[in-house]
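Chemist: So that we are looking at the same thing, I have put the structure below in structure tokens.
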Amino acid sequence: MYQYPNAASGLKLMFIGQILAIVGVLLIWVPLVGSLIVIAGGVVEILGLYKASGDDESYRTALMFIAISVVVNLIAGFLEPGILTSLLSVVATILSLLAVIQVCTTTSNLLHSVGNEALSQRGSTVIKLYVVCTVVSLACSVLGVIPIVNIVAGLVSIVAAIAQLVGYVLYLMFLYSSSKALA
């Protein structure tokens, strides 16, 4: 049975990066501290992807998606709010989704190669939930600008946000469990 120590430690770093990002968001009201923790979480996640790519080059594709997403978000941050910033936000969301899909697919393939089918299937579940929630959220954002329809879009958006939170927790659990299974 093969072991993937780089992928295992990379996924663990990604998990830690995600946890740091959550803590940073919760502490965003503390000037500078929350922002620095969010940035640190992003850096740790990128380092994790880089480390994981030592066992499978497909993690570099996810790294590329995240890097482009960061650049798109930076560009959007310097622009005045409007249609272009909204489009850039959609692009960044799609790139982030593609990164999650790539990480889950690659990790599932590695888990399959070590014979852990149950955990491999969990990656597929995370992908499906992430895709559906992202599509629904993006559709609600677009429909939210139409009068009357925006009320329904807002309600659907709340349900999608809750489902997305569940998906995020499943993603975190998948990263953590996979880091243990591939070590």
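Chemist: Go through V25, V30, V43 for me and flag whichever is over 24 Å from C104 (Cβ atoms), surrounded by fewer than 18 Cβ atoms within 10 Å (Cβ to Cβ) and not small (G, A, S). Write out each step before concluding.
Modeler: On the way: V25 fails: over 24 Å from C104 (Cβ atoms); V43 fails: over 24 Å from C104 (Cβ atoms).
Result: V30 is the single residue among V25, V30, V43 that is over 24 Å from C104 (Cβ atoms), surrounded by fewer than 18 Cβ atoms within 10 Å (Cβ to Cβ) and not small (G, A, S).
Chemist: I want to confirm something. Restricting to the range 50-68 and keeping residues that are farther than 15 Å from I94 by Cβ, assigned to a helix (DSSP H, G or I) and without any contact (Cβ under 8 Å) to a residue 40 or more places away in the chain, which single residue is least open to solvent (accessible area, probe 1.4 Å)?
Modeler: Just the residues of the range 50-68 that are farther than 15 Å from I94 by Cβ, to begin with: 50-60, 63.
Still in the list and also assigned to a helix (DSSP H, G or I): 50-52, 58-60, 63.
Adding the requirement that they be without any contact (Cβ under 8 Å) to a residue 40 or more places away in the chain leaves 60, 63.
Details: R60: 102, L63: 34 Å².
Looking at residues that are farther than 15 Å from I94 by Cβ, assigned to a helix (DSSP H, G or I) and without any contact (Cβ under 8 Å) to a residue 40 or more places away in the chain, I get L63.
Chemist: Here's a follow-up. Evaluate the following for I101: is it surrounded by 15 or more Cβ atoms within 10 Å (Cβ to Cβ) and at negative phi? Break it down into steps so the answer makes sense when it comes.
Modeler: Details: surrounded by 15 or more Cβ atoms within 10 Å (Cβ to Cβ): yes; at negative phi: yes.
It is true that I101 is surrounded by 15 or more Cβ atoms within 10 Å (Cβ to Cβ) and at negative phi.
Chemist: If only one of L98, L129, L138, L111 is under 30 Å from S178 (Cα atoms) and touching a residue at least 60 places away in the same chain (Cβ under 8 Å), which one is it? Spell out the reasoning first.
Modeler: Details: L98 fails: touching a residue at least 60 places away in the same chain (Cβ under 8 Å); L129 fails: touching a residue at least 60 places away in the same chain (Cβ under 8 Å); L138 fails: touching a residue at least 60 places away in the same chain (Cβ under 8 Å).
Just one listed residue meets the conditions, L111.
Chemist: Same structure again: Looking at (1) on the phi < 0 side of the Ramachandran plot; (2) open to solvent by 50 Å² or more (accessible area, probe 1.4 Å); (3) modelled with pLDDT under 95, find the lone condition where L88 falls short.
Modeler: Unmet for L88, out of (1) on the phi < 0 side of the Ramachandran plot; (2) open to solvent by 50 Å² or more (accessible area, probe 1.4 Å); (3) modelled with pLDDT under 95: (2).
Chemist: Same structure, new question: Go through (1) part of a loop (DSSP other than H, G, I, E, B); (2) surrounded by fewer than 15 Cβ atoms within 10 Å (Cβ to Cβ) for V71 and report which single condition fails.
Modeler: Among (1) part of a loop (DSSP other than H, G, I, E, B); (2) surrounded by fewer than 15 Cβ atoms within 10 Å (Cβ to Cβ), the lone unmet condition for V71 is (1).
Chemist: What tally of residues in the range 125-168 results from selecting those that are closer than 13 Å to V100 by Cβ, open to solvent by 30 Å² or more (accessible area, probe 1.4 Å) and among the hydrophobic types (A, V, I, L, M, F, W, C)?
Modeler: Matching residues across the range 125-168 total 4.
Chemist: List the number of the failed condition for G115; all other conditions in (1) small (G, A, S); (2) open to solvent by 20 Å² or more (accessible area, probe 1.4 Å); (3) part of a helix (DSSP H, G or I) hold.
Modeler: Unmet condition: (3).
Chemist: Can I ask one more? Could you tell me how many of the residues in the range 67-80 are within 18 Å of I101 (Cα to Cα) and touching a Ser or Thr at 6+ places or on another chain (Cβ under 7 Å)? First the steps, then the outcome.
Modeler: Kept after step one, since they are within 18 Å of I101 (Cα to Cα), are these residues of the range 67-80: 67-70.
Still in the running and touching a Ser or Thr at 6+ places or on another chain (Cβ under 7 Å): 69.
The total comes to 1.
The values are calculated or read from the model by the stated rules, or taken from the named source; none is laboratory data. This one's a predicted model, so the numbers in the text were calculated from it and none came from an experiment. As a convention, Cβ positions derive from the backbone with ideal geometry for all residues, glycine included, and neighbour counts pool all protein chains shown. The protein model used for the area step is the full one, side chains on, heavy atoms only, and it has no ligands, DNA or RNA in it. Shrake-Rupley method; radii C 1.70, N 1.55, O 1.52, S 1.80 Å.
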